[in-house]
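Single-structure report; data block below.
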Protein chains: 4
Amino acid sequence: MTGMPTRDTVEIGLNRFARRGYDLDEVSIVPSRRTRDVDDVSTAWQIDAFRFDIPLVTSPSDAVVSPATAIAVGQAGGLGVLNAEGLWTRYDDPTPAYRRIREAAPEGAPPVSVLQDVYCEPVKPDLITARIKEMRDAGVTTAVRVSPQHTQQLAPAVLAAGVDLLVIQGTIVSAEHVTSQGDALNLKEFIADLDVPVIVGGAANYQTALHLMRTGAAGVIVGVGADSFSTGDTVMGVRVPLASAIVDAAAARRDYLDETGGRYVHVIANGRIETSGAIARALACGADAVQVGEPLRTAAEAPGGGIWWDSVAAHPRLPRGGASPAVSPAGSLQQVLLGPAEAADGRTNLFGALARTMAKTGYRDLKEFQRVDLVIGGHESPTQDH
Amino acid sequence: MTGMPTRDTVEIGLNRFARRGYDLDEVSIVPSRRTRDVDDVSTAWQIDAFRFDIPLVTSPSDAVVSPATAIAVGQAGGLGVLNAEGLWTRYDDPTPAYRRIREAAPEGAPPVSVLQDVYCEPVKPDLITARIKEMRDAGVTTAVRVSPQHTQQLAPAVLAAGVDLLVIQGTIVSAEHVTSQGDALNLKEFIADLDVPVIVGGAANYQTALHLMRTGAAGVIVGVGADSFSTGDTVMGVRVPLASAIVDAAAARRDYLDETGGRYVHVIANGRIETSGAIARALACGADAVQVGEPLRTAAEAPGGGIWWDSVAAHPRLPRGGASPAVSPAGSLQQVLLGPAEAADGRTNLFGALARTMAKTGYRDLKEFQRVDLVIGGHESPTQDH
Amino acid sequence: MTGMPTRDTVEIGLNRFARRGYDLDEVSIVPSRRTRDVDDVSTAWQIDAFRFDIPLVTSPSDAVVSPATAIAVGQAGGLGVLNAEGLWTRYDDPTPAYRRIREAAPEGAPPVSVLQDVYCEPVKPDLITARIKEMRDAGVTTAVRVSPQHTQQLAPAVLAAGVDLLVIQGTIVSAEHVTSQGDALNLKEFIADLDVPVIVGGAANYQTALHLMRTGAAGVIVGVGADSFSTGDTVMGVRVPLASAIVDAAAARRDYLDETGGRYVHVIANGRIETSGAIARALACGADAVQVGEPLRTAAEAPGGGIWWDSVAAHPRLPRGGASPAVSPAGSLQQVLLGPAEAADGRTNLFGALARTMAKTGYRDLKEFQRVDLVIGGHESPTQDH
Amino acid sequence: MTGMPTRDTVEIGLNRFARRGYDLDEVSIVPSRRTRDVDDVSTAWQIDAFRFDIPLVTSPSDAVVSPATAIAVGQAGGLGVLNAEGLWTRYDDPTPAYRRIREAAPEGAPPVSVLQDVYCEPVKPDLITARIKEMRDAGVTTAVRVSPQHTQQLAPAVLAAGVDLLVIQGTIVSAEHVTSQGDALNLKEFIADLDVPVIVGGAANYQTALHLMRTGAAGVIVGVGADSFSTGDTVMGVRVPLASAIVDAAAARRDYLDETGGRYVHVIANGRIETSGAIARALACGADAVQVGEPLRTAAEAPGGGIWWDSVAAHPRLPRGGASPAVSPAGSLQQVLLGPAEAADGRTNLFGALARTMAKTGYRDLKEFQRVDLVIGGHESPTQDH
């Protein structure tokens, strides 16, 4: 089936309908009649030829990903994604830029105008080459992100440097971009010509996800990348209830698998996934992996020194998110990802917690876990401060 | 169809039903399978013979509209509406009145009793004439607001001054006002006799909107003008979920178009439209334009100096809203309306953001954009302070 | 029809159902196609032979009702109810008791234990006689409240003193009290023997309201008297969504009217009715009058000096509510009830606001106004502080 | 019927469904047409041969249960449960451990890392024997808790000491634990071989509850033990709306009673039951008894000195809850359980309040009270501080 799926709808007023969507924290996992040893559980994930111990794709945010942290993420079992249009490719030495952000508001959040200013510096293709080389030399799977607007311009440098996975990511991406200029990126043709697998997104619903799968992408990012500090809702009126979006994209994955007779495109969830509980929920809703950014800023290795910002916060005319105040480190990157946790806030041992949820609900691997029982309703945990 | 539309209803108790209404911030826009260049998008709006680059009608609030700011709004592409029963027509020089409001509470919100006092001064018809002349001389489309109660008394002065559009606006207006005094305004006869187009409201539901369209008005204001500081709900028990009211008024517009064989009456949404996201939502629900007030107080040119109040806050016996504390300017009026934004709070670049939302969801003009997909649910952005 | 009414139900779990109830502030009034002059509106209410200009029955709380304030309420057009088991019948001079409460926590809320202590003093029947006489002598309609437990004991003194209306009120009252002691009050026999009309309650649903109507009462109080400081929910797990309870009681009124061929029993709503908006909502849901207490503490004449407490807050073993901190007076009792208002918080001009809501929705009298359109949803006004 | 029960479901997205669950505080008790004297009400509960005046099973938390407080709970009419894997069996004298926790944060909540550290000390079987003996000697019914993981290892010491009731309790327990190690506890065989009755849990849904009943347990704990300080939702994505879980477990009890021709397994509710109102709700939903922990910390006898923590807060790799700041005592344990209350916060006279709720709704005993009318919706009481 490739038609438009139906779902619960609400009649806002006469003859105008809206779908009712659910966000991740409205949905919870229900333990069922079986339990399992945590040591018998696997959180492994594989996309194309690349295998990972944990289903983690980092956000391509300069706040948390430098070449060095991308390497550390790879060594911990995940996939680090460097922004090919970020500070590391705009500045030969980005240290002063980071320092300027950190020092802009020692007590609070750096103003957006400082981010806008720091990101005025142009991107240099030869720096892209150098950064990818540094990651390759460390022996981890390499991935960089480019925006749809700059894909054609920057792809040559990226590919020549021998990247393993290419991430084409904007807040909202479609397979059908219309322009009166006549030079829009044709994703389908572009991907068909490539040798490296592509992850593309973000998509917000079944149709866009299905169309992006049909471009030949290996993975589709679902969600518009909202984090606790993003304001896409206030600025643009756009909101994507992520649990529903993941479920719809998983339906597109199923339908595309059927229509192609066996091509499985991975669904990578992205949006306010900031605790181990949210990671478990996203996978339970049907995601194959999660794109995580904000929680990594608590790692001692985070290049932003505990501050978080998404790239859209630096938009020159219409920023759609802010930077956070700095937090003190909660431990090493290894500890943030794999524990042990010394606090009960869901912000460390992110993937150890996932394994335990799978064990307590009786599942052995992620593909099985996508079928776990869900419930809507009930108390939320006390609010975490961050 | 001109009957009473049906909609989701709730049985409050035995045999007593209420409709379920939705407010603007419960409804969000969902990106779909197409995107478009922002430069290919038009936000133009035309009512009667008057064309505007942006679908903006200002609130007729003294806090944000003086003759000078009405001119500046016109030059920026919108329609400024001066209150013909406000400070500029009560005082030859309103400067001391403004100063008194501003100085009543330098740290907080001016008390309602100060507003009540300042508005005791009677309206002078010759000042109406002078203010309209000032705006006309600047070459912009001119509009003033009168209340239904004083329309018959003040209209001669307004019309003689050559206004382009007349706005007859009260919190709650009907086409059928009953009085034992026998001298109520008959809107239908009044408008039929006029040469200038009339915008009338606020209306709260399908029936009232339809009846107001049948008076011959060019535009109908939908909503009871609630802003963040209005208390019509607490004081009168009246609440109008705006998304549902806009959708219902758009249905009335469609039905009236059919019943007249082609008369298109514009729907102008009014009520807590305080961010660019809310503007996008109101238009997505079916409005042709939005009445915006409170956000304009952040413009450097705002006559209230950053304080906001609605005219109903000055009611002598039953005020239904308060004044706000002052905010510092966020930029020029031009910047508030058209950008660029230096913060991510949805309070500047109000209509540049609209164009971007239209582009990211693939629509070229406002009439098409009224069909964009909507979703109920999901996270709200972090609360803005104002 | 006298059977059990059905209503929206929720299946909490397997085969266990709960009704979905709505509270007053979830329900709002929708303006419709007609408006009316406020001077053409009547808020009059009549029960038995007694006519009132405003549909106000005071809570029998010592915080707001002394003999003097009961007289003032009567002179303003409402019905003041003195507690026959309160401070005015326990103490010859209650001034020191009031002072002790006021001085127990000059900056905050007096502790419950102080209330428990002050109310240990026994009730004196001859003080009941004296207080009623004082009110009668002023020429207003007189009413006192007794609890169901003490009705038989205190009624002789009350009746001998010539009270006009007897209010038998507890938090939860039924027409069928079961006891192993064999001396329970039989409401039906008791009321049948009386010459004065009785108001009885609180009742929480259709059945209890109907059974209380069948006792011969002239009025039934609906709701368990919750106010902003009551904790019946936390302490006992009992909650009565008032909008639904009023609607159900109005259905019982209709059914009882039919079953008796014409006996109309008044429904008096009681519970968190603390703003003019809530008063309008309660009447719109079908109440004939409202029992109001907490807002009267802002009157300069309130005997509690701005502090509020309900009698259940003084229970010796299980208090179910607290006292409030003191507020400064907002005006005279006359102004609180009839205006003008100098603030927009819905706490003064309580019944002037009602008249305006009726006018703006086109209704002439309260009986018609019970049919006004309602909506569920939409923004609440900014929270008032009190 | 022993199949899977159906219930209200929500379609999160295409073809993925979740049940809608309700938490205790969404459900409230509705008074009905009958009332009763509080002295005619019984709150008695009996499991196996053991009879209790109040349906109280304590949480096995070191914060509130020492051998001495377990004895005091028994003397007040309830069942105290000592943790056989807590401080009293790890330390010959736990006083210094308690002191360390108390002194770790004199002004706030002790950090999780201190709990982790204190609980590193191994459990000593001979201390289990000694603690049980101490409680037996006092003449009360004795009960201790063991975790499923350590049941086989610790049960001999527990049983040899002559315990009356064995509680096998983990956050999430199933009747079917799968392990690759081959040495998992077979609950059914284990219980069949025992002479003492077993209470086992927590279970989260109908199926798990039914399977645990089939192990031969005398009681099943329903809920995952969440309290105000637990973070199982944030850490693991697991949430159990308790009202729905109790109702489902009560359905399992009914089905198991039918399938066995008369075996009644008790349902004991556990999760955020922190006020007398919550106790009444849990029993009204169908529980036979409640497991209460956090409120007991306000008793003067609480060994934690007013601090609360659940055992899962001390997990060495993945704590799922924190400790609370200390509160001052609200009275003796007797007063917390049976009154009188000197505050209206639902935190003292916990079971006196239950009796009053039963009386005000007309029920004589707990089994009848499980049928009381329920409502969803309505105001919550003002938030309590703790």
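Taken together, the values in this text are just the output of simple stated rules run on the coordinates, not laboratory data. Since this is a predicted model, take the numbers as computed values, not measurements. Cβ coordinates were reconstructed from backbone atoms using ideal geometry, including for glycine residues, and neighbour counts include every protein chain displayed.
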message = What value in Å³ per residue do you get for the convex hull of the alpha-carbon atoms in region A:80-145?
response = 96 Å³
ask   = Roughly how many Å is it from the Cα centre of region B:22-71 to that of region B:101-164, as a whole number?
value = 24 Å
message = Nearest 5 percent is fine: what portion of the DSSP beta bridges confined to the protein assembly as shown is antiparallel?
response = 25 percent
request  = Answer with one residue from C:Val372, C:Gln181, C:Thr260: the one whose Cα lies farthest towards the positive end of the charge dipole of region C:22-376, charges on Cβ with Lys, Arg +1 and Asp, Glu -1.
outcome  = C:Val372
note = So for region A:241-354, using the alpha carbon gyration tensor with a ≥ b ≥ c as root eigenvalues (a/c under 1.5 gives rounded; past that, a/b versus b/c decides prolate or oblate), I'd call it oblate
inquiry  = Give me the one-decimal nm value for the distance between modelled label points at A:Lys124 and D:Leu159, 7 Å along each residue's Cα-to-Cβ direction.
reply    = 7.6 nm
key: Relative contact order (percent, whole number), region D:55-141, Cα cutoff 8 Å, 6+ residue spacing   = 32 percent
Dipole magnitude of region A:23-376 about its Cα centre (Cβ charges: Lys, Arg +1; Asp, Glu -1), debye to nearest 20 = 400 debye
key: Shape box of region D:287-386 [Cα atoms, principal axes, largest first, Å]   = 47, 31, 27
task = Would you mind counting up the charge near D:Val65? Only other residues with Cβ under 13 Å from its Cβ, with Lys and Arg at +1 and Asp and Glu at -1.
result = -3
key: Rounded to 5, the percent of DSSP beta bridges in region D:28-376 classed as antiparallel   = 20 percent
query = Where is the GNM fluctuation largest for chain C (alpha-carbon springs, 10 angstrom cutoff): C:Asp62, C:Asp288, C:Asp258?
reply = C:Asp258
Using a Förster distance of 22 Å, the FRET efficiency for B:Glu259-A:Phe17 (Cβ separation, nearest 0.05) = 0.40
remark   = By the C-alpha gyration tensor axes a ≥ b ≥ c (rounded if a/c is under 1.5, else prolate when a/b exceeds b/c, else oblate), the shape of chain D is rounded
note = Given A:34-47, B:140-153, the highest-first ranking by average Cβ count within 10 Å works out to B:140-153, A:34-47
ask   = For peptide A:276-283, how many partner chain Cβ atoms fall within 10 Å of a residue's Cβ, on average?
value = 4
task = Please give every one of the lysines within straight-line cross-link reach of A:Lys124, meaning a C-alpha to C-alpha distance under 29 Å, and leave out same-chain neighbours fewer than 8 residues apart.
result = A:Lys133, A:Lys188, B:Lys360
query = If the label for A:Lys133 sits 7 angstrom from Cα along the Cα-to-Cβ line, what are its distances to the same label in every other copy, in nm to one decimal, shortest first?
reply = 7.7, 7.7, 10.8
ask   = Most exposed first by the Cβ proxy, i.e. fewest other Cβ within 10 Å, how do D:Ile71, D:Ile168, B:Ile246 rank?
value = D:Ile71, D:Ile168, B:Ile246
ask   = For region D:28-376, with the dipole built from +1 on Lys and Arg beta-carbon atoms and -1 on Asp and Glu ones, taken about the Cα centre, which of D:Leu337, D:Trp45, D:Ile29 lies farthest toward the positive end?
value = D:Ile29
note = When all Cα-Cα pair distances of region B:196-261 are considered, the percent exceeding 16 Å is 47 percent
remark   = The rounded separation in angstrom of the Cα centers of region B:236-282 and region D:166-214 is 59 Å
task = Taking the Cβ of each residue in A:Tyr91, D:Tyr119 as the centre, tally the other Cβ atoms inside 10 Å and list the residues starting with the fewest.
result = A:Tyr91, D:Tyr119
remark   = Summing +1 per Lys or Arg and -1 per Asp or Glu among the other residues with Cβ less than 12 Å from C:Asp92's Cβ gives 0
10 Å Cβ neighbours from other chains, averaged over peptide A:362-372 = 1
request  = Starting from the amide H of A:Asn83, placed 1.01 Å from N in the peptide plane, find each other amide H under 5 Å away whose residue is 5 or more places distant or on another chain.
outcome  = A:Arg145
task = Select from C:Arg317, C:Arg100, C:Arg253 the residue whose mean-square fluctuation is largest in a Gaussian network model of chain C (Cα-Cα springs shorter than 10 Å).
result = C:Arg317
Whole-Å distance, taken between Cα centres, linking region C:303-327 and region A:357-377 = 50 Å
query = Along the positive direction of the dipole of the protein assembly as shown (beta-carbon charges: Lys, Arg +1; Asp, Glu -1; about the Cα centre), which of C:Ala323, C:Val200, B:Ala313 reaches farthest?
reply = C:Val200
remark   = Summing +1 per Lys or Arg and -1 per Asp or Glu among the other residues with Cβ less than 14 Å from D:Pro122's Cβ gives -3
key: Calculated from backbone phi, Karplus (6.51, -1.76, 1.60) coupling profile of region A:204-221 in Hz, x at Gly/Pro   = 10, 8, 4, 4, 5, 4, 5, 5, 5, 4, 6, 6, x, 5, 7, x, 10, 7
note = Dividing the alpha-carbon radius of gyration of the protein assembly as shown by 2.2 N^0.38 Å, where N counts its residues, gives 0.96
ask   = Which distances, in nm and shortest first, link the A:Leu194 label point to the same label point in every other copy, taking 7 Å along Cα→Cβ?
value = 5.8, 5.9, 8.3
ask   = Between C:Gly108 and the same site in the other copies, what are the distances in nm, shortest first, taking label points 7 Å from Cα along the C-beta direction?
value = 2.1, 2.1, 3.0
key: Within a Gaussian network of chain C (alpha carbon springs, distance under 10 Å), most fluctuating of C:Gly162, C:Gly306, C:Gly261   = C:Gly261
query = Over region C:1-139, one equal point on each Cα, no solvent: what is log10 I(q)/I(0) by the Debye formula at q = 0.16 Å⁻¹?
reply = -0.98
